[in-house]
Amino acid sequence: MSRNGTAGPDVPVQVFTPFRRGVPALRPYLRDMWGRRLFAMELARAELRTANVGTGLGQLWLILNPLLLTFVYYLLVAIIRAKPGGIDYLAHLMAGMFLYYFFSSSVTGGAASIVNSGRLILNTAFPKMLLPLSVVLVSFWRFLPSLLIYALVHMVAGLGLSWNMLWGLVSVACMVVFATGMSMLFATMNVYFRDTRSFLPYCMRIWLYMSPVLWQVDDPEIRVKLGGLISVLEYGNPMFSIIGSWSKSVVYGEFPGWGMFGTAAAWAIGGLALGSYVLLSREREFAVRL
């Protein structure tokens, strides 16, 4: 009804309820997220379009960044071991580095996603979970072209093709789920502790050294040097099972084993549950914290 009592067009009404702690009702929240999926995809596309726009090589840096990092670490390992690795080791390093770079960029970019979107959060009502999700989507789109580079190295190395390589899709799925959870977790932490974003690159570097990227899970020399620490890393480091299964299947064409997949899936689901719970339980405070 209009002010003069006559019938008028229906006007949508937004009701803001008082703040309550806890997780919001998941069904309407997820429904709202699904309805705004194009919004998240457009955020991701905008990030891809603006990335490296002012550089001479432009979007080529999406591939060059992880590729150059691979060669840097290849030289580093060659210097430390006083002997260069073979091309099969280069393939292992490249495959692991590409997948880890996806994880690292998802987490570091996701950590800044909420803080950098302060104006959007203050002026628009939408599920804030879409912000770290869009960052993970960008990182995944950047990860896909790197697989073409790896495929070329894989063929040059003569590692051959096997149906077991398809198990790598399970490893990628676990990494996507785990990266999404960690992106949500650190995005929320960065709202309360702004130093989180500054510390993350160092944490990611240490995490890389503790993961089977520069070394191989079945390398007997590494297992002797690490001793009992290898068992701690096997179950205490999510990257051990996720990247380890990825390398075994994609690089060497082996079935990683249900135990490794089970550990990877447990870490992925646990990371997603933790990250989503922390973000959802604090989402209503973001507007007053930014």
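Bear in mind that the values in this text are calculations on the coordinates, not laboratory data. For clarity, every value in this text was computed on a predicted model and none was experimentally measured. Here the Cβ is made from the backbone with ideal geometry for all residues, glycine too, and neighbour counts use every protein chain on show.
A few notes on this one:
- Subtracting the Cα-Cα distance of Phe126 and Ile149 from 0.36 nm times their residue separation leaves 4.5 nm of extension gain.
- Rounded to 10°, Cα long-axis angle of helix 37-50 versus longest principal axis of the chain: 60 degrees
- Only DSSP H runs of four or more residues enter the estimate; each adds -39500 (n - 2.57), and after division by the residues of the chain the mean residue ellipticity at 222 nm equals -22500 deg cm²/dmol.
- Within the range 163-210, trypsin sites (Lys or Arg not before Pro) in DSSP loop having at most 16 other beta-carbon neighbours inside 10 Å: Arg194
- For the range 137-148, putting each phi into the Karplus relation 6.51 cos²θ - 1.76 cosθ + 1.60 with θ = phi - 60° gives couplings of 5, 4, 4, 5, 4, 6, 6, 4, x, 5, 5, 5 Hz, in residue order, rounded to whole numbers and with x for Gly and Pro.
- Two-site label geometry, Phe255 and Ser281: point separation in nm, points 7 Å out along Cα→Cβ: 4.0 nm
- Given charges at beta-carbon only (K, R positive; D, E negative), |dipole| of the chain in Debye: 920 debye
- Taking other Cβ atoms within 10 Å as a rough exposure proxy, Leu76, Leu99 sort from fewest to most as Leu76, Leu99.
- Residue exposure sequence - Met210, Met260, Met97 - by fewest surrounding Cβ within 10 Å: Met210, Met260, Met97
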